Amino acid sequence: MIILGIDPGFERLGVAILEKNKGDKKEKVLFSECFHTSSKIEFSERLNLIGKEIKKIIKKFKPEILSIETLFLNTNQKTVMHVAEVRGVVIYEASLLNLKIFEASPPQIKIATTGYGKANKEQVMKMVKILVNIDNNKKSDDELDAIAVALTAFAHIRT
């Protein structure tokens with residue numbers, strides 16, 4: 001099975017493609033990146049670029065499931081609204097290409113990766129590096145978050 005994990009953001013979008021086949025002990029990272037959009041371009045164009053990038057990745061890797069992090073409310077309502085719009089574009093592109101949608105909350109991601117729903121970011125990042133084989137020097141926080149989101153879908157599918 002192949003899962004697309006997304007850590008949504010409009011300046012930095014974490015993207016990961018993970019695969020696990022029967023008999024595999026660990027999920028394998030096929031691809032990960034932190035997709036950047038420039039603050040110098042209109043927000044609508046940033047959404048367009050994100051949509052095109054997601055469509056390209058889905059067509060290349062052919063995942064069956066999109067696993068995307070749900071929103072958590074913070075103090076900046078404008079940021080939350082923009083991230084919600086990014087989530088909408090990603091879910092839309094995935095649904096057009098017939099992916100099943102799995103949404104994971106931050107506590108679910110923490111439980112799936114560390115076993116503790118109130119783990120801090122450093123604990124999650126450390127466990128992601130243990131759970132999958134990745135080059136520790138090349139992964140941004142956004143990529144690692146996207147990997148954690150995909151791992152969460154795998155954990156929920158198993159149960």
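The values are calculated or read from the model by the stated rules, or taken from the named source; none is laboratory data. Since we're looking at a predicted model, the values are computed, not measured. Methodologically, a virtual Cβ is constructed for each residue, glycine included, from the backbone with ideal geometry; neighbour enumeration extends over all protein chains shown.
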For segment 42-80, give me each residue that is exposed (fewer than 11 other Cβ atoms within 10 Å of the Cβ), over 23 Å from A150 (Cβ atoms) and hydrophobic (A, V, I, L, M, F, W, C).
L73
When only residues in segment 100-152 that are touching a residue at least 60 places away in the same chain (Cβ under 8 Å) and among the hydroxyl-bearing types (S, T, Y) count, which is farthest from I2 (Cα to Cα)?
S140
From I111, I101, residue being at pLDDT 95 or above, under 17 Å from the mean Cα position of the chain (by Cα), assigned to a strand (DSSP E or B) and surrounded by fewer than 20 Cβ atoms within 10 Å (Cβ to Cβ):
I101
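Got a sec? Which of V90, V83 is touching a strand residue (DSSP E or B) at 6+ places or on another chain (Cβ under 8 Å), within 15 Å of A146 (Cβ to Cβ), surrounded by 13 or more Cβ atoms within 10 Å (Cβ to Cβ) and in contact (Cβ under 8 Å) with a residue 40 or more places away in the chain?
Details: V83 fails: touching a strand residue (DSSP E or B) at 6+ places or on another chain (Cβ under 8 Å).
Step by step, each of V90, V83 is checked, and only V90 is touching a strand residue (DSSP E or B) at 6+ places or on another chain (Cβ under 8 Å), within 15 Å of A146 (Cβ to Cβ), surrounded by 13 or more Cβ atoms within 10 Å (Cβ to Cβ) and in contact (Cβ under 8 Å) with a residue 40 or more places away in the chain.
State the number of residues belonging to segment 59-98 that are among the polar types (S, T, N, Q), at pLDDT 95 or above and in a helix (DSSP H, G or I). Quick ask: steps written out before the conclusion?
Here is the first cut: in segment 59-98, the residues among the polar types (S, T, N, Q) are 67, 70, 74-77, 79, 95, 98.
Going one step further and asking which of them are at pLDDT 95 or above, we end up with 67, 95, 98.
This time we only want the ones that are in a helix (DSSP H, G or I), so: 95.
So the answer is 1.
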